[in-house]
Amino acid sequence: MSHSFATVVVYPPDPRGRRVTVAGSTMGYARGTVDVLWLVWAAGLDPDEVRLDDPDRVEWRGGGPGMWTCPG
């Protein structure tokens, strides 16, 4: 699979959290990795099959899974 497409995209932090899209649809905002997995589940994917450190499935923008607050 190409690294240019990820099923799950986690966007940079903002005051609401990090926006999460699955297959291009916004699922909501996460404030931690558990929230990301919950949104993956809500989108119909099996969170046990989505590894958050797999760049073929998850694209982290603006920081990896340890970044949850807005810079500044």
Review point. Which one of these does GLY62 not meet: (1) among the small types (Gly, Ala, Ser); (2) in contact with a strand residue (DSSP E or B) (Cβ under 6 Å, 6 or more places away or on another chain); (3) at pLDDT 95 or above?
Key: (3)
Check your understanding: Here is a list of conditions, (1) among the small types (Gly, Ala, Ser); (2) part of a strand (DSSP E or B); (3) open to solvent by 70 Å² or more (accessible area, probe 1.4 Å), and GLY66 meets all of them except one; can you say which number that is?
Key -> (2)
Practice item. Among the residues of segment 34-59, write down those that are part of a helix (DSSP H, G or I), buried (at least 16 other Cβ atoms within 10 Å of the Cβ) and not aromatic (Phe, Trp, Tyr). Key: ASP35, VAL36, LEU37, LEU39, VAL40, PRO47
Check your understanding: Can you name every residue in segment 21-33 that is closer than 12 Å to VAL8 by Cα and part of a loop (DSSP other than H, G, I, E, B)?
Key -> ALA23, GLY24
Point to revise | Flag for VAL34 being without any contact (Cβ under 8 Å) to a residue 24 or more places away in the chain and hydrophobic (A, V, I, L, M, F, W, C) | key: yes
Point to revise | Residues located in segment 1-44, provided they are β-branched (Val, Ile, Thr) and at pLDDT below 95 | key: THR7
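The values are calculated or read from the model by the stated rules, or taken from the named source; none is laboratory data. Here the structure is a predicted model, which is why all the values come from computation and not from measurement. Positions of Cβ are backbone-derived with ideal geometry, glycine not excepted, and every protein chain shown enters the neighbour counts. Ligands, DNA and RNA are stripped out before the accessible areas are found, and what is left, the full protein with its side chains, is counted by its heavy atoms. Shrake-Rupley method; radii C 1.70, N 1.55, O 1.52, S 1.80 Å.
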